[in-house]
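Take a look at the structure below.
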Amino acid sequence: MARYTDSVCRLCRREGEKLFLKGERCFKDKCAMERRAYAPGQHGQGRRMKQSEYSQQLREKQKVRRIYGVLESQFRGFFRKADRMRGVTGENLLSLLERRLDNIVYRLSFAGSRAEARQLVRHGHVRVNGHKVNIPSYVVSQGDQITLREKSKTQPRVVENFAAADRRGVPEWLELAKKEMAGVVRGLPQREHLTLDVQEQLIVELYSR
């Protein structure tokens, strides 16, 4: 399977803002955006050109795609599904991406980043309604219960991440039982529940060209 293997800090610098792709490191002085807040590459510090309408739409799409760690073909698939759903296409798209299993594991603080959450899912550590699911792109439904297998709950990295649950917070549409280390999807995420600084309408306009 194709995947991005270069430094993810370059992605933040390219978008000109923190995308929080490396967990706790993004909150420390070691964060690349704290040291080099300009685009990567030989001409990264050059004069910024005025962005065209297409460029703005493209950058917004790339930003959302990189936040969730989704490849272009996968992103187009989510967009087509969102377009077929009732409601506002852009909001449907963000809701589908938020309901990805790897994002849920990250939101419940079982992992420090979405990349780490994806690894947990792929390695069979995650259970949905008691059944192992090792597909990061699996879209959860309302009422689903997400847990880790018993042995995984005691892994040092998982324990360290889960200790930060209070500081990171849990979205309103999720419910976390700390003692059991289990989460429940209380409802589908609405736009007002998402704190992402994105303009999803630009993505819709890009794919509507």
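No value in this document is a laboratory result; all are computed from the given coordinates. Source: prediction; values computed, not measured. Glycine gets a Cβ as well: all are built from the backbone with ideal geometry, and neighbour counts include every protein chain shown.
Numbers for the structure displayed
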{"read-out": "Residues that are more than 13 Å from R107 (Cα to Cα), assigned to a loop (DSSP other than H, G, I, E, B) and in contact (Cβ under 8 Å) with a residue 40 or more places away in the chain, drawn from segment 172-195", "value": "R186, G187, L188, Q190"}
{"read-out": "Residue match in segment 123-134 (condition: surrounded by fewer than 19 Cβ atoms within 10 Å (Cβ to Cβ), within 18 Å of V185 (Cβ to Cβ) and out of contact with any strand residue (DSSP E or B) (no Cβ under 8 Å at 6 or more places or on another chain))", "value": "yes"}
{"read-out": "Residue match in segment 101-113 (condition: over 13 Å from the mean Cα position of the chain (by Cα), within 26 Å of E160 (Cβ to Cβ), touching a residue at least 12 places away in the same chain (Cβ under 8 Å) and buried (at least 21 other Cβ atoms within 10 Å of the Cβ))", "value": "yes"}
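Residue-by-condition table, conditions (1) in a loop (DSSP other than H, G, I, E, B); (2) under 20 Å from H193 (Cβ atoms):
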residue	(1), (2)
N134	yes, no
S137	yes, no
G143	yes, yes
T147	no, no
S152	no, no
V158	no, no
N161	no, no
R167	no, yes
V170	yes, yes
